Amino acid sequence: MSDLTKSQSQIDDFLNYLRAERRLATNTVANYQRDLSHIASFFAESTPQPGQSVWTGLTTHDIRAYISARHQQGLASASLARCLSAVRAFFDYLTREGVINTNPAIGVGPPKGSRKLPKTLDTDQINQLLSFNDSSWHGIRDRCMLELMYSSGLRLSELTEIRLNDIDWQENIVRVTGKGSKTRVLPIGSVAIEWLEKWVGVRNEIPRKIKQAILHAESDALFLSQRGEPISPRTVQKRLSQWAQSQHVHGGAHPHMLRHSFASHLLESSGNLRAVQELLGHSNISTTQIYTHLDFQHLAEVYDKAHPRAQKKGDTK
């Protein structure tokens, strides 16, 4: 049996390299860790030499066999692609470190699968969701968060990491740090600006519901919890879910749905795929192109309902 401890140590070294030198996002590093730990365990039993690293001697055939096994277990094509990305990067690192001679994951691709269209809210649902006008500390904070996410197409992690000085009040723009620690500057709509002004006005009036709470009023995070700490992604998810329910938004809502809705609505109105790509922070335009399918889907529905030659036989509408 191979030395799994040694293999895990090599993974740890790689993850430290990602944090320190490549400065990848915390979520990305966590995904890499999970994928690499799983593949290490998968190959540990089949590596015959005692004390040998799992990675020594792996071939392209081995990697394909692993991906095939995971696919048969029901792992989605997108998840397999992410796993392969982690494995390729890790083997590139091991090659540079002299642990292995070649990267066995080069040329291995995930099984093709149907790409699911992202779920979005239409404009009526957005208006319904964002029609609450709660004047409490929590209500103003929540409305501001949701308005800003939809206004600027933010990822959840981008929202929770915004600092006070990331807002330019003169230009109505916000600076955010996205995947791969890439920074981009985004416009803020007038409605979101209005709620930002309201929020900043009450931000430091932290509800002291817990007497022993350690308040961090000196925090420069834009959005705070009632303890005065930077708000957590989980809290944002929970609050959005609660508002979707109270506002009777059918099917509920999650943070990334606001980002998807932002992209879909902007593309539908402008038709400018490149601009939407820049605003979303996509490095590859093929990632953005999925929203053209959403737009076409909407047009197809309109066509089916409106065009006299599109109606099915026997349809009396």
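The values are calculated or read from the model by the stated rules, or taken from the named source; none is laboratory data. All values derive from a computational prediction rather than experimental measurement. Glycine gets a Cβ as well: all are built from the backbone with ideal geometry, and neighbour counts include every protein chain shown.
Below are the figures for this structure:
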read-out	value
Pick from region 152-181, criterion more than 20 Å from Lys238 (Cα to Cα) and part of a helix (DSSP H, G or I), ranking: nearest to the chain's Cα centre (by Cα)	Lys179
Some residue of region 117-125 being of a type in the set (S, T, N, Q) and part of a helix (DSSP H, G or I)	yes
Some residue of region 107-124 being surrounded by 18 or more Cβ atoms within 10 Å (Cβ to Cβ), within 27 Å of Ile231 (Cα to Cα) and of a type in the set (S, T, N, Q)	yes
From the options Leu279, Leu240, residue that is surrounded by 18 or more Cβ atoms within 10 Å (Cβ to Cβ) and closer than 21 Å to Ser131 by Cβ	Leu240
For Val54: the one exception among (1) more than 22 Å from Asp13 (Cα to Cα); (2) among the hydrophobic types (A, V, I, L, M, F, W, C); (3) in contact with a Ser or Thr (Cβ under 6 Å, 6 or more places away or on another chain)	(1)
Output for region 79-99, where each listed residue is of a type in the set (A, V, I, L, M), farther than 12 Å from Ile11 by Cβ and buried (at least 18 other Cβ atoms within 10 Å of the Cβ)	Leu80, Leu84
Any hit, region 127-150, residues being outside any helix (DSSP H, G or I), among the β-branched types (Val, Ile, Thr) and in the same structural domain as Glu268 (by TED's automatic domain parsing)	no
Which listed residue is touching a helix residue (DSSP H, G or I) at 6+ places or on another chain (Cβ under 9 Å), closer than 12 Å to Trp55 by Cα and free of Cβ contacts under 8 Å to residues at least 24 places away in the same chain, from Thr95, Thr102	Thr102
Residue within region 145-154 that is surrounded by fewer than 23 Cβ atoms within 10 Å (Cβ to Cβ), under 16 Å from Pro230 (Cβ atoms) and touching a helix residue (DSSP H, G or I) at 6+ places or on another chain (Cβ under 6 Å) present	no
Among (1) part of a helix (DSSP H, G or I); (2) surrounded by fewer than 21 Cβ atoms within 10 Å (Cβ to Cβ), the one test that Gly74 misses	(1)
Selected residue (criterion: farthest from the chain's Cα centre (by Cα)) from residues of region 219-276 that are under 17 Å from Pro187 (Cα atoms) and not in a helix (DSSP H, G or I)	Asn272
Of all residues making up region 69-89, the number that are more than 12 Å from His38 (Cβ to Cβ) and either polar (S, T, N, Q) or modelled with pLDDT of 90 or more (or both)	6
